[in-house]
Amino acid sequence: MNDTTGNDTGRDRTERELEEALAALAGGVHAAPDAYRTARGDWLRRERRRRLVLAVLIMVVFALATLIGLWVLNQTPSSPGVIFSGVGGTTAGTGPG
């Protein structure tokens, strides 16, 4: 004997009351006339700052990589190694024969 045709079930009543309460609450909210412009300006300002920080970070990493590379290249021994000395090997035009 589940007759729901004229009776409010607990769930239907709860949903209806919740809907009415939310509608009443939303009806009392009024946005400022320039709220969108202000929110968009704040968002654009944050986006510009994010991009600036990223660009600075990329430049710092690039500069550090360059400086470390130059420092490593500067640490090589100043005397020529065995590969570049020319002693004990043959060159292209001076083979045996």
Segment 25-69 - Debye-derived log10 I(q)/I(0), Cα point model, q = 0.31 Å⁻¹: -0.98
Segment 29-69 - accessible surface per residue (Å², probe 1.4 Å): 97
Neighbourhood charge, 15 Å Cβ-Cβ cut-off, centred on residue 48 and excluding it, Lys, Arg +1 and Asp, Glu -1: +4
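The values are calculated or read from the model by the stated rules, or taken from the named source; none is laboratory data. Quantities reported herein were computed from a predicted structural model and do not represent experimental measurements. All Cβ positions, even for glycine, are placed from backbone atoms using ideal geometry, and neighbour counts span all protein chains on display. Please note that ligands, DNA and RNA were not included when accessible areas were found on the heavy atoms of the full protein model with its side chains. Shrake-Rupley method; radii C 1.70, N 1.55, O 1.52, S 1.80 Å.
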